[in-house]
1. Please state the shape class of the chain: rounded when a/c is under 1.5, otherwise prolate if a/b exceeds b/c and oblate if not, all from the C-alpha gyration tensor.
2. Would you please put 56-64, 79-87, 18-26 in order of how densely packed they are, using the mean number of other Cβ atoms within 10 angstrom per residue and starting with the highest?
3. By how many nm would the segment from A65 to S27 grow when fully extended, if each residue of separation counts as 0.36 nm and the alpha-carbon distance is taken off?
4. Counting only DSSP beta bridges with both residues in the chain, tell me the antiparallel percent, nearest 5.
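FYI, it's all coordinate maths here, none of it is from the lab. Worth saying up front: this structure is predicted, and the values here are computed from it rather than measured. Neighbour counts are summed over all protein chains in view; Cβ atoms, including those assigned to glycine, are modelled from backbone coordinates with ideal geometry.
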Amino acid sequence: MDKKALRKQYEEMRHPMGCFMLTCSISGEHYIGVTKDLDTIKQRIFFRLSVGALANLPSLQAAYANHGEDAFTFKILEFLPPMEETEAIEENLAILLELYKEQVLQAKEIRV
């Protein structure tokens, strides 16, 4: 299969979407976010933290620098069912984020 066909096949794949939470076991801080690709978000977050690229969340970046990756747990809170319309996806992810932010009041929002 050529690269163009592989790329098209990847773009047409349906990735699991939903809400996740990152927790620092030492500080007790919680970070909640949503994504269109739950398969890769954990790896993406920890990579960005390892290179200092999450400066928009200084408390998270500092906790990672002080305690390392082992001090963090990553948990998927909820999956969204597959949807076709981009608008519906964005709307449902936003609603899901707000619901979980209400449940964990001290949680900070994480966007990656």
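1. oblate
2. Top to bottom by mean Cβ count within 10 Å: 18-26, 56-64, 79-87.
3. 12.4 nm
4. On the way: 14 of 16 bridges.
In the chain, DSSP labels about 90 percent of beta bridges as antiparallel.
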